[in-house]
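Accompanying notes for the structure given below.
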Amino acid sequence: MNKYFMGKTLLPLLLVVLSVGCTIISRPKLPPVPQSQLQTRQSQTREYDTNDVKLVMKAALNTLQDDGFTIKNAVFELGLISAAKEIDLGGAGRKTSADNDDFWSSLFRAAAGRGQTQQSPQRDFRYEKFKQIEATLNVSEFGNRQTRVRASFQAKVLDDRGNPMEVYSIDDLKFYQDFFMKIDKGVFIEKQKF
C-alpha cells in the first residue's frame with residue numbers, strides 16, 4: 001500500500017476515534033434523593049455541652065427573636081418552643097389565575113364564595129403576598145452532661161387574601177447548620193452571664 005494513501009485514511013480515522021473517546025458524556029440531572037427520616041432528624045438535631053436545659057432554651061429563644069421570629073409558645077417543662085416569622089413579599093411574587101388553583105385553594109375559595117350567585121363566577125387573579133416561616137424546637141437533656149435541641153422549620157406562601165399557595169418543610173442542611181451556629185453563640189453568651 002502507498003504511504004500517502006495510508007496516511008490519508010488512517011489519520012482522519014485516528015482523529016475520529018480520539019475525539020469520540022475524549023467526548024464527555026453528560027448524565028441527565030436526577031432529582032434530589034429524599035432524605036430518610038433518620039437523616040432528616042440528624043440534620044435537625046444538635047447537642048450542647050451543658051445539662052442546663054433552661055440556659056439552652058433561653059439561648060434558642062433569643063436566637064429566634066434576633067432572627068425576627070415572634071414566639072408563639074414556650075413551655076419550659078416540656079422543652080417546647082414554637083415561633084413564627086412573616087415576610088411581606090409585597091406582591092412581587094408570581095401571579096396565578098384562580099382557575100389554576102390546587103385542591104386546597106379551591107376549597108378555600110369555595111368556602112369564601114358561599115352566598116354568591118351562580119351568575120357571577122369569581123374570575124380574578126391572586127398573587128404571593130406573604131411568606132410565613134414556622135419554627136418548632138424541642139430542647140431536652142441528653143445523657144448526664146449534654147442538652148439536645150431538635151428544630152424543624154416549615155414555610156408557607158400565602159396569597160393576597162391569606163390563603164396558602166404553597167407549603168413545604170425546610171430541609172436545607174446549611175440552613176440548619178447556620179441556625180445551630182447562632183444558638184452556639186447564644187449558649188456562650190448565656191454562660192457568660194453566670
Kindly write out, for the range 180-192 in residue order, the coupling ³J(HN,Hα) from the Karplus curve 6.51 cos²θ - 1.76 cosθ + 1.60 (θ = phi - 60°), rounded to whole Hz, with x marking Gly and Pro.
5, 5, 5, 5, 3, 5, x, 5, 4, 5, 4, 5, 6
Scan around PHE142 for amide H atoms under 5 Å from its own, H built in the peptide plane at 1.01 Å from N, and keep only partners 5 or more places away or cross-chain.
THR147, ARG148
Evaluate E = 1/(1 + (r/R0)^6) for ASP184 and LYS156, where r is the Cβ-Cβ distance and R0 equals 25 Å; express this FRET efficiency to the nearest 0.05.
0.35
Members of LYS131/LYS185; LYS54/LYS85; LYS129/LYS174; LYS54/LYS182; LYS54/LYS185; LYS54/LYS193 lying beyond 19 Å, as alpha-carbon distances in this model show:
LYS131/LYS185; LYS54/LYS85; LYS129/LYS174
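No value in this document is a laboratory result; all are computed from the given coordinates. Computed from a predicted model, the values in this text were never measured in an experiment. Using ideal geometry, Cβ is built from the backbone for each residue, glycine included, and neighbour counts are taken over all protein chains shown.
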